[in-house]
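The values are calculated or read from the model by the stated rules, or taken from the named source; none is laboratory data. In this text, all values refer to a predicted model and were calculated from it rather than measured experimentally. Neighbour counts run over all protein chains shown; Cβ positions are idealised from the backbone, glycine included. Only protein heavy atoms, including side chains, enter the accessible area calculation; ligands, DNA and RNA are left aside. Shrake-Rupley method; radii C 1.70, N 1.55, O 1.52, S 1.80 Å.
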Amino acid sequence: MKALRDSLPSLRGALLCLAACYVVIGAVLLIFPGMSLVDICYGIGIAAMILGLVSVAFYFIRKGYLSESLGFSGGVALTILGLYAVLQTERFSAAFTQVLAACMIADGIVKLQFSMDLLRLKGKLWWCVLAGALVGVGLAVAILLYDFPDADSKNVYTYVVLIADGVLNALSVALLAWERRQHKREELAGEKPLER
């Protein structure tokens with residue numbers, strides 16, 4: 001159990017880093033619409049490979065097998081995604097909005113769990129995270145299913161949703177971390193712990 005608790009800060013850090021990446025990528029693409037998407041995808045691919053390899057290395061250095069972290073599998077997945085983005089940049093950039101939509105749908109599922117965690121911790125704002133997760137998944141699914149009038153409008157919509165999703169991710173992670181700290185303080189203070 002201690003190993004799992006020790007892995008949570010790194011998981012929280014990874015989620016916050018992902019949220020920051022969403023906001024930065026979305027903002028850059030909105031502010032500089034003329035920027036080459038191929039070059040951006042190439043850079044994202046290189047960054048993903050580096051992060052993936054570092055994550056795998058940390059799995060061995062920090063003895064990740066002693067905890068329930070996903071450092072190894074997550075690192076391998078990132079490396080493969082980055083390799084594909086670098087070797088097939090044209091195809092990756094053509095499917096860029098679909099890739100972002102898939103990532104946001106996956107994030108929405110994670111936020112659904114966060115909302116359930118907050119509910120179990122008796123956090124008052126659990127329903128806000130739940131509503132945000134459902135709305136986010138709906139907006140991301142629209143990227144995949146809606147027939148936009150042109151590529152530019154689809155891109156703008158995708159980048160705006162990406163920024164909003166990144167902000168919601170950061171708020172959800174921060175809220176859950178705060179509620180967990182509160183729960184731990186209550187347990188240490190001798191109050192009856194929540195039923196598991």
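General observations
- Note on region 156-186: residues that are surrounded by 18 or more Cβ atoms within 10 Å (Cβ to Cβ) and over 19 Å from the mean Cα position of the chain (by Cα) amount to 1.
- Of the residues making up region 134-162, those that are within 18 Å of Val110 (Cβ to Cβ) and in contact with a Gly (Cβ under 6 Å, 6 or more places away or on another chain) are Gly136, Val137, Leu162.
- Filter pass, Val76 being out of contact with any strand residue (DSSP E or B) (no Cβ under 7 Å at 6 or more places or on another chain) and open to solvent by less than 50 Å² (accessible area, probe 1.4 Å): no
- Whichever residue in region 134-155 is touching a residue at least 24 places away in the same chain (Cβ under 8 Å) and more than 19 Å from the chain's Cα centre (by Cα) and, among such residues, is farthest from Ser115 (Cα to Cα): Asp152
- Hey, Leu168 at pLDDT 90 or above, touching a Gly at 6+ places or on another chain (Cβ under 6 Å) and hydrophobic (A, V, I, L, M, F, W, C) or not: yes
- Single residue of Gly123, Gly45 found to be over 23 Å from Leu29 (Cβ atoms) and buried (at least 16 other Cβ atoms within 10 Å of the Cβ): Gly123
- Note on region 12-33: residues that are farther than 21 Å from Leu171 by Cα, open to solvent by 50 Å² or more (accessible area, probe 1.4 Å) and in contact (Cβ under 8 Å) with a residue 60 or more places away in the chain total 2.
- Residue within region 63-71 that is over 15 Å from Ala14 (Cβ atoms), of a type in the set (A, V, I, L, M) and free of Cβ contacts under 8 Å to residues at least 24 places away in the same chain present: no
- Lone qualifier among Val135, Val110 - being at pLDDT below 95 and open to solvent by 10 Å² or more (accessible area, probe 1.4 Å): Val110
- Complete set of residues in region 140-155 that are open to solvent by less than 40 Å² (accessible area, probe 1.4 Å) and not in a helix (DSSP H, G or I): Phe148
- Which numbered condition Asp6 fails, given (1) open to solvent by 60 Å² or more (accessible area, probe 1.4 Å); (2) in a helix (DSSP H, G or I); (3) modelled with pLDDT of 75 or more: (3)
- Note on region 170-188: residues that are among the basic types (Lys, Arg) and closer than 15 Å to Gln113 by Cα amount to 1.
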